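Structure first, then comments.
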Amino acid sequence: MGKNTSEININIDLDENKVPEKLQWSAPDGGVENEEAKAIFLNVWDHDKRESLRIDLWTKDMPLDDMKIFFHQTLSAMADTFERATNDKKMSATMRDFCDYFAEKLELTKE
């Protein structure tokens, strides 16, 4: 058949209230096996409904400062992805300006 497939797996340990206590993910083709994560944002495009579906998870012990950094890095990555997907350099630059503003207001330092 010549068909290639790849899997990405997410395992979530929940407490008695179904709040994530531990997140692990694997992507064997990328060399990742049961790596621990403190937060995962997953977005999927539903073509038929023309809407984005998402799962946002973070563990109880995710530090607030780390969550702010995670959001900033996610927003910055979205600006890069938007540019690659649309080649719209002007809007990508505008998104990056917002990311800079976001970092400044949260007093994040660039690493």
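The values are calculated or read from the model by the stated rules, or taken from the named source; none is laboratory data. All of these numbers come straight from a predicted model, not from anything done at the bench. Counting neighbours? That spans all protein chains shown, and the Cβs are built from the backbone with ideal geometry, glycine included. All accessible areas refer to the heavy atoms of the entire protein, side chains included, with ligands and DNA or RNA removed. Shrake-Rupley method; radii C 1.70, N 1.55, O 1.52, S 1.80 Å.
For this structure, a couple of remarks:
- When W45 is tested against the conditions (1) open to solvent by 80 Å² or more (accessible area, probe 1.4 Å); (2) under 30 Å from N4 (Cα atoms); (3) hydrophobic (A, V, I, L, M, F, W, C); (4) part of a helix (DSSP H, G or I), the lone failure is (4).
- Count of the stretch 50-85 residues which are buried (at least 16 other Cβ atoms within 10 Å of the Cβ) and part of a strand (DSSP E or B): 2
- Screening T94 on (1) surrounded by 11 or more Cβ atoms within 10 Å (Cβ to Cβ); (2) in a strand (DSSP E or B) shows it passes everything except condition (2).
- Condition check for L108: in a strand (DSSP E or B), open to solvent by less than 60 Å² (accessible area, probe 1.4 Å) and either modelled with pLDDT of 95 or more or over 24 Å from I10 (Cβ atoms) (or both): no
- Selected residue (criterion: least open to solvent (accessible area, probe 1.4 Å)) from residues of the stretch 13-42 that are more than 20 Å from T81 (Cβ to Cβ) and in contact (Cβ under 8 Å) with a residue 24 or more places away in the chain: L23
- Any hit, the stretch 59-66, residues being among the polar types (S, T, N, Q) and either farther than 27 Å from L23 by Cβ or at pLDDT 95 or above (or both): yes
- Every residue from the stretch 1-23 that is touching a strand residue (DSSP E or B) at 6+ places or on another chain (Cβ under 7 Å), under 18 Å from R54 (Cα atoms) and not aliphatic (A, V, I, L, M): N9, N11, P20
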